[in-house]
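Trainee: Let me begin by handing over the structure; questions about it come next.
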Amino acid sequence: MDEILNLDLNDMAQTEFDCSCGRHHNFSIHDVAIGSGTINKLPEIAAPFKEGQILMVYDNNTYEAAGKQAHQIMVDAGFNVKELLFDRGDDILIPDESVVGRILQELSGPTPEDTRLIVGVGSGSINDSCKYVSFHCHLPYIIVGTAPSMDGYVSDGAPLMSAGRKISYPAHLAYGVIGDTNIMKDAPQELIAAGFGDVVGKITALADWDLAVKVKGDYRCNTCVTLVQRALDKCFSKSNLLPQRDEEAIKYLIEALTLTGVAMALIRISRPASGAEHMLSHFWEMDYVDRGLNPIHHGTQVGVATPVIARFFEELADILPEGTGALCPRHEEIEKLLRDGGAPVSPKEIGISRELFHNSLLKGYTVRPRYSVMEFAKEHGRLEEIADKITAELYD
């Protein structure tokens, strides 16, 4: 029981076990390869699909980071590879209708049935778009990660922009996940900081989950909580070395992001990784896209939202269920953690306007049908009071 807690990350693929939470869990990803030089395992992982066409997807940045190398490795191994390159110049690739549609078009060639596998080379946008399309086309996909910037490499949801709104669509797990530390440690520093911000967000996500269990009777798997908490502790032990691109610190960051994804995959919900801090991030991102602006990196937004949500727990300490408040450190401690890891600390620092920030505190809980500390504040008639106080402290 709970055998997964005794496994190394690369040995967790195809694991199933009876859990102490009372459920039978399975982690159906066929291969996980995290470490130095693991991009060379791509032909081995993709071997069952060698007889058909492989669609390889990247953007101009991820092509340079790993796409060129991945393509050459596959061609040298005798694979038939069709390339799809999204060239957006200096703009961020937004995973929206146009991107999803373009991938579908490439699958709808003269002989679409010959396409056996999609290989995405990138991080958030590429991963989510390929995951969504492969799910609906009943195709496997492999993701070759290029940056330790988010936790979705091994999750089964696909957050996409649709008509200006961020919607998390059901999808499926990847067939294989490759995270080559030699590639990921050279990612832009802002992406490393974004990944660290996403990891820091698990602090309040776990506290939010505890709140939902005690107030609404939500399901919780303590094995998954332990899995995530161990990963956080390991990552935070070296996070002050992330600005120097220390290889061990980068590896621990990748492991924390991936293990959080494993926890989500085991229970098929994102509770181990996502709480009110993600709702604020999604609210800000939708506002940026609606105004035709490039959104800030998701993990960066999650990071700065985390001490904000910690302030909610502090303000509500007198009425929180017993033990819930103790799960969330004080906001000053979280801010120091972010700062030491080279990540932004406040919404003002990343350009979130006072008006948008205040509005997000009042309405952020509506972004997802998920119970959070913001909704708890609303139910107890204290949301506006707390929103006004936090906004004044951060912006006045």
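The values are calculated or read from the model by the stated rules, or taken from the named source; none is laboratory data. Given the structure is predicted, the values throughout are model-derived calculations rather than measurements. Positions of Cβ are generated from backbone atoms using ideal geometry, with glycine treated the same way; all protein chains shown enter the neighbour counts.
Trainee: Checking residue 206 against (1) modelled with pLDDT of 95 or more; (2) under 17 Å from residue 179 (Cβ atoms); (3) surrounded by fewer than 24 Cβ atoms within 10 Å (Cβ to Cβ); (4) not polar (S, T, N, Q): exactly one of these is not met. Which one?
Mentor: Failed condition: (2).
Trainee: Under the condition of being part of a loop (DSSP other than H, G, I, E, B) and free of Cβ contacts under 8 Å to residues at least 24 places away in the same chain, which residue from the range 307-321 is farthest from residue 209 (Cα to Cα)?
Mentor: It comes out as 318.
Trainee: Now a separate question. Can you tell me which of 394, 361, 356, 338 is touching an Asp or Glu at 6+ places or on another chain (Cβ under 7 Å) and either outside the structural domain of residue 278 (by TED's automatic domain parsing) or within 27 Å of residue 150 (Cβ to Cβ) (or both)?
Mentor: 356
Trainee: Would you be able to tell me the number of residues in the range 172-192 that are within 21 Å of residue 295 (Cβ to Cβ) and over 13 Å from the mean Cα position of the chain (by Cα)?
Mentor: 4
Trainee: Is there a residue in the range 302-312 that is surrounded by 18 or more Cβ atoms within 10 Å (Cβ to Cβ) and either outside the structural domain of residue 354 (by TED's automatic domain parsing) or touching a Pro at 6+ places or on another chain (Cβ under 6 Å) (or both)?
Mentor: yes
Trainee: Here is a further query. Listed residues 156, 128; which is within 14 Å of the chain's Cα centre (by Cα), assigned by TED's automatic domain parsing to the domain that holds residue 12 and over 20 Å from residue 295 (Cβ atoms)?
Mentor: 156
Trainee: Would you tally the residues in the range 168-198 being touching a strand residue (DSSP E or B) at 6+ places or on another chain (Cβ under 6 Å) and assigned to a strand (DSSP E or B)?
Mentor: 6
Trainee: Need the failing condition index for residue 21 against (1) at pLDDT below 95; (2) within 24 Å of the chain's Cα centre (by Cα); (3) not basic (Lys, Arg), just the number.
Mentor: All conditions are met except number (2).
Trainee: Looking at the structure I just gave you, is residue 257 in contact (Cβ under 8 Å) with a residue 40 or more places away in the chain, buried (at least 22 other Cβ atoms within 10 Å of the Cβ), in contact with a Cys (Cβ under 6 Å, 6 or more places away or on another chain) and closer than 19 Å to residue 188 by Cβ?
Mentor: Criteria not met by residue 257.
Trainee: Going by the structure shown, is residue 129 within 29 Å of residue 242 (Cα to Cα) and part of a helix (DSSP H, G or I)?
Mentor: yes
Trainee: Looking only at residues in the range 343-366 that are of a type in the set (A, V, I, L, M, F, W, C), surrounded by fewer than 22 Cβ atoms within 10 Å (Cβ to Cβ) and touching a Leu at 6+ places or on another chain (Cβ under 8 Å), which one is nearest to residue 300 (Cα to Cα)?
Mentor: It comes out as 345.
Trainee: Can you name the strands (runs of 3 or more DSSP E) wholly within the range 1-104 that have at least 2 residues being surrounded by 14 or more Cβ atoms within 10 Å (Cβ to Cβ) and without any contact (Cβ under 8 Å) to a residue 24 or more places away in the chain?
Mentor: Those strands (runs of 3 or more DSSP E) span 15-18.
Trainee: Is one or more of the residues making up the range 268-284 in contact (Cβ under 8 Å) with a residue 40 or more places away in the chain, touching a Cys at 6+ places or on another chain (Cβ under 7 Å) and of a type outside the set (Ser, Thr, Tyr)?
Mentor: Within the range 268-284, one or more residues are in contact (Cβ under 8 Å) with a residue 40 or more places away in the chain, touching a Cys at 6+ places or on another chain (Cβ under 7 Å) and of a type outside the set (Ser, Thr, Tyr).
Trainee: Is the range 335-342 home to any residue that is without any contact (Cβ under 8 Å) to a residue 12 or more places away in the chain and either more than 18 Å from residue 272 (Cα to Cα) or surrounded by fewer than 14 Cβ atoms within 10 Å (Cβ to Cβ) (or both)?
Mentor: yes
Trainee: Does residue 226 meet the test of being surrounded by 22 or more Cβ atoms within 10 Å (Cβ to Cβ), of a type in the set (Ser, Thr, Tyr) and on the phi < 0 side of the Ramachandran plot?
Mentor: no
Trainee: Same structure again: Return the pair list, or none, for Cβ contacts closer than 7 Å from residues in the range 367-385 that are of a type in the set (A, V, I, L, M, F, W, C) to residues that are outside any helix (DSSP H, G or I), at least 6 apart or on different chains.
Mentor: 373/316; 376/316; 377/316
Trainee: Can you tell me how many residues within the range 314-334 are surrounded by 22 or more Cβ atoms within 10 Å (Cβ to Cβ) and under 21 Å from residue 219 (Cα atoms)?
Mentor: 3
Trainee: Being in a helix (DSSP H, G or I) and within 18 Å of residue 13 (Cβ to Cβ) narrows it down to one of 264, 279, 286, so name that one.
Mentor: Just a single option satisfies the conditions, and that option is 264.
Trainee: So residue 304 passes all but one of these: (1) without any contact (Cβ under 8 Å) to a residue 40 or more places away in the chain; (2) under 30 Å from residue 91 (Cα atoms). Which condition number does it fail?
Mentor: It is condition (1) that residue 304 fails.
Trainee: Tell me the residue from 120, 157 that is of a type outside the set (S, T, N, Q) and within 15 Å of residue 63 (Cα to Cα), please.
Mentor: Every option except 120 fails the conditions.
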